[in-house]
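Down below is the structure, laid out as structure tokens.
The values are calculated or read from the model by the stated rules, or taken from the named source; none is laboratory data. For clarity, every value in this text was computed on a predicted model and none was experimentally measured. FYI the Cβ positions are ideal-geometry reconstructions off the backbone, even for glycines, and counts take in every protein chain you see.
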Amino acid sequence: DAGVTQSPTHLIKTRGQQVTLRCSPKSGHDTVSWYQQALGQGPQFIFQYYEEEERQRGNFPDRFSGHQFPNYSSELNVNALLLGDSALYLCASSLGGGGRNTIYFGEGSWLTVV
Amino acid sequence: GNSVTQMEGPVTLSEEAFLTINCTYTATGYPSLFWYVQYPGEGLQLLLKATKADDKGSNKGFEATYRKETTSFHLEKGSVQVSDSAVYFCAPSFTGGGNKLTFGTGTQLKVEL
């Protein structure tokens with residue numbers, strides 16, 4: 001049973017560029033969330049998708065957008081990259097959006113903005 | 001508002017020592033509580049969870065009890081190993097927040113021989 005898978009693993013972008021990160025949830029899961037983890041910090045919630053709609057959003061600017069596909073996979077897009085966007089981006093999945101449901105994380109995508 | 005406070009690290013212990021990492025929260029309701037572990041260069045792994053008062057989560061020798069009276073969820077292990085060296089995160093899922101996790105700052109644990 002595959003867990004949460006993310007791609008790419010590492011990437012380097014230039015300021016002002018755009019990036020797309022991809023996530024496949026754990027088999028059977030229908031809810032996908034994205035988190036940003038800066039070096040030495042705890043992960044910060046970006047947004048959550050369920051039934052192809054954004055259900056919750058954290059305190060991130062509109063440059064951060066996402067999408068969920070009918071097969072529950074998801075993309076995170078970041079436009080107009082800033083140096084401060086350099087971080088580990090974690091995808092997490094669960095079955096449903098209930099607070100008691102266990103959330104599983106992928107290995108993350110390391111983004112470096114230069 | 002809802003928040004979580006976690007014991008600051010780094011924590012350095014000798015192998016077979018007893019471990020406690022403190023975690024307290026402030027909440028308007030009764031959150032579900034999770035501990036995640038992050039090994040160097042990796043993503044987050046669920047270590048244990050508790051979803052209601054007095055529940056005890058346990059896994060791989062680690063334990064934590066949901067204490068409603070003290071709004072705490074301290075992580076403990078009786079005898080740590082070098083392989084336990086990692087960063088540990090306390091992460092409540094607050095009522096009304098769906099299953100959005102709010103992470104503490106993380107506690108780095110280093111276990112030495």
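Scan the stretch B:27-62 for residues that are under 15 Å from the mean Cα position of the chain (by Cα), more than 11 Å from chain A (Cβ to nearest Cβ) and either among the polar types (S, T, N, Q) or on the phi > 0 side of the Ramachandran plot (or both) and jot them down. Within the stretch B:27-62, B:Ser58, B:Asn59, B:Lys60, B:Gly61 meet the criteria. Exactly one residue among B:Val111, B:Val4, B:Val37, B:Val87 is closer than 26 Å to A:Leu90 by Cβ and touching a Pro at 6+ places or on another chain (Cβ under 6 Å), and that residue is B:Val4. Out of the stretch A:80-89, which residues are without any contact (Cβ under 8 Å) to a residue 60 or more places away in the chain and either in contact with an Asp or Glu (Cβ under 6 Å, 6 or more places away or on another chain) or among the hydrophobic types (A, V, I, L, M, F, W, C) (or both)? Result: A:Ala87, A:Leu88.
Output the strands (runs of 3 or more DSSP E) that fall wholly within the stretch A:7-51 and possess 1 or more residues being within 11 Å of chain B (Cβ to nearest Cβ), exposed (fewer than 13 other Cβ atoms within 10 Å of the Cβ) and out of contact with any helix residue (DSSP H, G or I) (no Cβ under 8 Å at 6 or more places or on another chain), or say none.
The strands (runs of 3 or more DSSP E) meeting that bar are A:10-13.
Among the residues examined, A:Gln17 qualifies as touching a residue at least 60 places away in the same chain (Cβ under 8 Å) and out of contact with any strand residue (DSSP E or B) (no Cβ under 6 Å at 6 or more places or on another chain).
Note on the stretch A:80-107: residues that are exposed (fewer than 14 other Cβ atoms within 10 Å of the Cβ), part of a loop (DSSP other than H, G, I, E, B) and away from chain B (no Cβ under 14 Å) amount to 2. Taken over the stretch B:51-75, the residue count meeting the criterion of being surrounded by fewer than 15 Cβ atoms within 10 Å (Cβ to Cβ), in contact (Cβ under 8 Å) with a residue 12 or more places away in the chain, out of contact with any Lys or Arg (no Cβ under 7 Å at 6 or more places or on another chain) and under 16 Å from B:Thr24 (Cβ atoms) is 2.
For the stretch A:66-79, the set of residues classified as touching a Leu at 6+ places or on another chain (Cβ under 9 Å), surrounded by fewer than 17 Cβ atoms within 10 Å (Cβ to Cβ) and either closer than 15 Å to A:Pro25 by Cβ or free of Cβ contacts under 8 Å to residues at least 24 places away in the same chain (or both) consists of A:His67 only.
Only one entry in B:Gln81, B:Gln108 is closer than 20 Å to A:Glu107 by Cα and not basic (Lys, Arg), namely B:Gln108.
A search for C-beta distances below 8 Å between a residue of the stretch A:26-47 that is within 16 Å of B:Leu46 (Cα to Cα) and at pLDDT below 95 and any residue that is surrounded by fewer than 21 Cβ atoms within 10 Å (Cβ to Cβ) and among the β-branched types (Val, Ile, Thr), counting only pairs 6+ apart in sequence or on different chains, returns A:Gly42/B:Thr105. Across the stretch B:99-113, the qualifying residues are those that are within 14 Å of another protein chain (Cβ to nearest Cβ) and surrounded by fewer than 20 Cβ atoms within 10 Å (Cβ to Cβ), and the one among them that is farthest from B:Ala53 (Cα to Cα) is B:Gln108.
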